[in-house]
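> What follows is a structure written as structure tokens; I'll ask about it next.
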Amino acid sequence: MTHAIRFHTPGGPEVLRWEEVGVGDTAPSEVRVRHHAVGLNYIDIYHRSGAYPVPLPSGIGLEGAGVVEAVGSAVTELKVGDRVAYAGGPIGAYAELRNMPADRLVKLPDAIDFKTGAAMMLQGMTAQYLLRRTCKVEPGDTILIHAAAGGVGLIVCQWARALGVTVIGTVSSDEKAALAKAHGCDHTIIYTRENFVERVKDITGGKGVRVVYDSIGKDTFMGSLDCLRPLGMMVLFGAASGPAPLLDTAELAKRGSLFLTRPTLFTYIAQRNDLLAISGELFDVVGSGKVKIEVNQTYALKDAAQAQIDLVARKTTGSTVLIP
């Protein structure tokens, strides 16, 4: 027997329970992974609260890194002792030990430790598809990223800077502004005391930005549209403040024939060749030193509820990992 965080009903962090669970034998296409670190992500909040419903009772968590302890009879790409990492389904990463489909795992380079591996997969691959696929930015572009001092935000700031892109980022405090600037954000906007739309217009000389990367949703959505230049793209990839309002598509035309998309990482990595390509580019950019993964908080896995409380309260910066 081993332990995992599970929940039996949707709700607040109090529904999370540290339970003894069985793992069972690996299926032919599975491997058993002993976690050394587990990633904390905002999507975990959506699953726990019921915003993104899952069958109950359920485990929780979509990201981890560890060592392969057993392999199924049909597995050929992995062996016992391999260091691996993953992001994506099936749900249940908040666990000491679990069985995983082998085709959802990638080998973790020796130069990347387990904490970094667990912290970088979901957020780092999200940054990759945002910058390199959803809207492939080019040198000279100007972009806006909300929550610039968060996990995805810090990676986007560094990666975009390495690509020759000017980055504008919103943050909630002077401390977070300093952190974002230290990671490549050219212009910070403290949204708690500044109007981010007006500031973006000032910074860009009234032109607006080519793309907005918005993980906030309800509180920023319409303002984000107002920050775009004609033919700009609004990329809504989260809803930390709640679902974005319903939109009359005529608003896109009125603002300059804008593009709007609501992507998810899981579509981009659904095919194994895409998973390997996206994670490979992420490993390369981290290995080169152009992007540093900031693991600024660690919690014991059994204290996952407190970690989620702090994440929602915006007490965290960069990435957070849970240690079994």
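> Is segment 158-174 home to any residue that is charged (D, E, K, R), over 20 Å from Gln128 (Cβ atoms), surrounded by fewer than 20 Cβ atoms within 10 Å (Cβ to Cβ) and not assigned by TED's automatic domain parsing to the domain that holds Tyr42?
Start the filter on segment 158-174 by keeping residues that are charged (D, E, K, R), which leaves 161, 174.
Filter again for over 20 Å from Gln128 (Cβ atoms), leaving 174.
Among the residues that remain, those that are also surrounded by fewer than 20 Cβ atoms within 10 Å (Cβ to Cβ) are: 174.
Narrowing the set further to residues that are not assigned by TED's automatic domain parsing to the domain that holds Tyr42 leaves 174.
Within segment 158-174, one or more residues are charged (D, E, K, R), over 20 Å from Gln128 (Cβ atoms), surrounded by fewer than 20 Cβ atoms within 10 Å (Cβ to Cβ) and not assigned by TED's automatic domain parsing to the domain that holds Tyr42.
Residues checked against (1) under 25 Å from Thr317 (Cα atoms); (2) of a type in the set (D, E, K, R); (3) in the same structural domain as Gly318 (by TED's automatic domain parsing):
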{"residue": "Leu16", "(1), (2), (3)": "yes, no, yes"}
{"residue": "Val23", "(1), (2), (3)": "no, no, yes"}
{"residue": "Val31", "(1), (2), (3)": "no, no, yes"}
{"residue": "Arg34", "(1), (2), (3)": "no, yes, yes"}
{"residue": "Asn41", "(1), (2), (3)": "yes, no, yes"}
{"residue": "Val67", "(1), (2), (3)": "no, no, yes"}
{"residue": "Arg83", "(1), (2), (3)": "no, yes, yes"}
{"residue": "Ala87", "(1), (2), (3)": "yes, no, yes"}
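> If the requirement is being assigned by TED's automatic domain parsing to the domain that holds Pro109, of a type in the set (A, V, I, L, M) and at pLDDT 95 or above, which of these qualifies: Val312, Val291, Val295? Break it down into steps so the answer makes sense when it comes.
Details: Val312 fails: at pLDDT 95 or above; Val295 fails: at pLDDT 95 or above.
That would be Val291, the only listed residue that is assigned by TED's automatic domain parsing to the domain that holds Pro109, of a type in the set (A, V, I, L, M) and at pLDDT 95 or above.
> Right, something else. Restricting to segment 228-265, count the residues that are under 19 Å from the mean Cα position of the chain (by Cα) and surrounded by 14 or more Cβ atoms within 10 Å (Cβ to Cβ).
Initially, segment 228-265 is screened for residues under 19 Å from the mean Cα position of the chain (by Cα), giving 234-244, 261-265.
If we keep only those that are surrounded by 14 or more Cβ atoms within 10 Å (Cβ to Cβ) as well, we get 234-241, 244, 263-265.
Going through segment 228-265 one residue at a time, the tally reaches 12.
> Another question, if that's okay. Within segment 121-162, take every residue that is hydrophobic (A, V, I, L, M, F, W, C) and under 10 Å from the mean Cα position of the chain (by Cα) and give me the one that is nearest to Arg262 (Cα to Cα).
Step one: list which residues in segment 121-162 are hydrophobic (A, V, I, L, M, F, W, C), which gives 121-122, 125, 127, 130-131, 135, 137, 143-145, 147-149, 152, 154-157, 159-160, 162.
This time we only want the ones that are under 10 Å from the mean Cα position of the chain (by Cα), so: 121-122, 125, 127, 152, 155.
Numbers: Met121: 20, Leu122: 17, Met125: 16, Ala127: 14, Val152: 16, Ile155: 20 Å.
The qualifying residue nearest to Arg262 (Cα to Cα) is Ala127.
> Can I ask one more? Please specify each residue of segment 1-35 satisfying the condition of being surrounded by fewer than 21 Cβ atoms within 10 Å (Cβ to Cβ) and part of a strand (DSSP E or B).
Thr2, His3, Arg6, Arg17, Trp18, Glu19, Glu20, Val21, Arg32, Arg34 - these are the residues of segment 1-35 that are surrounded by fewer than 21 Cβ atoms within 10 Å (Cβ to Cβ) and part of a strand (DSSP E or B).
> Determine which member of the set Leu276, Leu322, Leu282 is touching a residue at least 60 places away in the same chain (Cβ under 8 Å), under 20 Å from Gly89 (Cβ atoms) and not in a helix (DSSP H, G or I).
Details: Leu276 fails: not in a helix (DSSP H, G or I); Leu282 fails: not in a helix (DSSP H, G or I).
Only one candidate passes the filter, namely Leu322.
> Report the residue count in segment 37-84 for those that are among the polar types (S, T, N, Q) and buried (at least 24 other Cβ atoms within 10 Å of the Cβ).
Within segment 37-84, residues that are among the polar types (S, T, N, Q) and buried (at least 24 other Cβ atoms within 10 Å of the Cβ) number 1.
> Specify which of the listed residues (Ala127, Ala87, Ala111) is surrounded by fewer than 18 Cβ atoms within 10 Å (Cβ to Cβ) and either in contact with a helix residue (DSSP H, G or I) (Cβ under 6 Å, 6 or more places away or on another chain) or modelled with pLDDT under 95 (or both).
Ala111
> Moving to a separate point now. Just one of (1) under 22 Å from Ala313 (Cα atoms); (2) touching a Lys or Arg at 6+ places or on another chain (Cβ under 8 Å); (3) assigned to a helix (DSSP H, G or I) trips up Trp159, so point out which.
Result: Trp159 passes all but (1).
> Hey, another quick one. May I ask you to list the residues in segment 191-227 that are under 24 Å from the mean Cα position of the chain (by Cα) and charged (D, E, K, R)?
Hits for segment 191-227 are Arg210, Asp214, Lys218, Asp219.
The values are calculated or read from the model by the stated rules, or taken from the named source; none is laboratory data. Every value quoted in this text rests on a predicted model; they were computed, and no experiment measured them. Because the Cβ atoms are built from the backbone with ideal geometry, glycine has one as well, and the counts that use them run over all protein chains shown.
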